[in-house]
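Notes to accompany the following structure.
No value in this document is a laboratory result; all are computed from the given coordinates. Please read all numbers here as calculations on a predicted model, not as lab measurements.
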Amino acid sequence: MGCSLICPIMKHDNAYAVSRYGTPRLRSEDLFVALNDYVRLREFVGDHALAKELERAIVVPSDRIPKDVVTMNSRLIYSDESTGTTRQVELVYPDEADPMTGRVSILAPVGCALLGLSAGQSIDWNLPDGKVHRLRVERVLFQPRPSGTDSAMTKTP
């Protein structure tokens, strides 16, 4: 059982497999992005590294994102396996960022790397220190849940 999502605004077409509970099935390399987040991020991403991540993302309706996936405004714990450090952060839009309180911009290298990962997933990412760091999502503490449906979505069989 599966379906294809077409976002007519962004001409994005990625298929996903669905579990019997109606949520996408995750593979270790999958990157899921909620449709509402995808549309808003595409509005300002330009040629930032985030654009490449959005291109490979599987876009799903917001209410179908698994609870352990990092979305915009999620609070999570991640570890940098390269340095052994662990941090708790909230992934936010650039105008809401405040690194001193753990509010990391989606356009920051760490923010861009974490979007769409699920608990237990790791990604190798180039950080400003010039080294590749392996970032691992340890746990999603909070993920905002949608109140309605995604209006920019069309389902096809």
Hull-based mean projected area of region 33-157, where the convex hull spans the alpha carbons, in square nanometres: 8.1
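Multiply the residue separation of PHE44 and LYS67 by 0.36 nm, subtract the distance between their alpha-carbon atoms, and state the gained length in nm to one decimal.
Extra length from PHE44 to LYS67 when fully extended: 5.7 nm.
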